[in-house]
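Chemist: Pasting a structure here, questions to come.
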Amino acid sequence: MSRLDLFIDRMVSQRACLDHAAGLIRDIPGPVFELGLGNGRTYHHMIQILPDREIFVFERAVASHPDSTPPEDRLVLGDVRETLPAALGRFAPGACLIHADLGGHNLDKNDAFARMISPLVEPLLAPGGVIVSSDRMYFDGLTEQALPPSAVLGRCFIYR
């Protein structure tokens, strides 16, 4: 499979899973977290499908397209190993949806990072909330969910 095919599968799966998750959280209060802004494509999609939700973005440094950059009061800058634990007090009881797209092109590094960050992400989720991730994550109290039909197995993961 070409890198282009892999990228397309990831984008199609990400959109399908985020759209699916938006329906799952319809009646769950709380903000939405975007972990990793990148160029802002998924953030821009989330503000379209979740127009009434506060969406907070956690990012080391902003490098997004101007149309896809969150307002300063919705941006949490810094290393997620520090900003996620600090968010516990600020956002209690938690986020109804967390989208994590923090990996790169090295699958072994992505997996090691997912193992390290999973215990920092899980406590931020509100009861009944959903996590959508581009990489497999490792949670003690959450269960991996079935993907929507248009998502490609292994390209996106949903936890609840």
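The values are calculated or read from the model by the stated rules, or taken from the named source; none is laboratory data. Note that the structure is a prediction, hence the values are computed from the model and not measured. Methodologically, a virtual Cβ is constructed for each residue, glycine included, from the backbone with ideal geometry; neighbour enumeration extends over all protein chains shown.
Chemist: Taking interchain pairs and intrachain pairs at least six residues apart, which have beta carbon atoms under 8 angstrom, with the first residue in region 72-93 and surrounded by 11 or more Cβ atoms within 10 Å (Cβ to Cβ) and the second of a type in the set (Asp, Glu) and outside any helix (DSSP H, G or I)?
Modeler: Filtered contacts from region 72-93: Arg74/Glu54; Leu75/Glu59; Val76/Glu59; Leu77/Glu59.
Chemist: In addition: Considering each residue of region 26-55, count those that are among the small types (Gly, Ala, Ser) and either buried (at least 18 other Cβ atoms within 10 Å of the Cβ) or over 20 Å from Val12 (Cβ atoms) (or both), and give that number. Talk me through it step by step, then tell me what you get.
Modeler: Let us first name the residues in region 26-55 that are among the small types (Gly, Ala, Ser), namely 30, 36, 38, 40.
The next check asks that each one be either buried (at least 18 other Cβ atoms within 10 Å of the Cβ) or over 20 Å from Val12 (Cβ atoms) (or both); those that pass are 30, 40.
Of the residues in region 26-55, 2 are among the small types (Gly, Ala, Ser) and either buried (at least 18 other Cβ atoms within 10 Å of the Cβ) or over 20 Å from Val12 (Cβ atoms) (or both).
Chemist: Can you tell me which residue is surrounded by the fewest Cβ atoms within 10 Å (Cβ to Cβ) among those in region 119-160 that are farther than 16 Å from Cys96 by Cα and among the hydroxyl-bearing types (Ser, Thr, Tyr)?
Modeler: Out of the qualifying residues, it is Ser150.
Chemist: Every residue in region 71-94 that is modelled with pLDDT of 95 or more and among the basic types (Lys, Arg), please.
Modeler: Of everything in region 71-94, just one residue is modelled with pLDDT of 95 or more and among the basic types (Lys, Arg), namely Arg74.
Chemist: Sticking with this structure for a sec: Taking the condition farther than 20 Å from Gly30 by Cβ, without any contact (Cβ under 8 Å) to a residue 40 or more places away in the chain and surrounded by fewer than 17 Cβ atoms within 10 Å (Cβ to Cβ), does Gly104 pass?
Modeler: So Gly104 fits the description; yes.
Chemist: Would you check which residues across region 85-124 are touching a strand residue (DSSP E or B) at 6+ places or on another chain (Cβ under 6 Å) and not in a helix (DSSP H, G or I) and list them?
Modeler: Pro93, Gly94, Ala95, Cys96, Leu97, Ile98, His99, Ala100, Leu102
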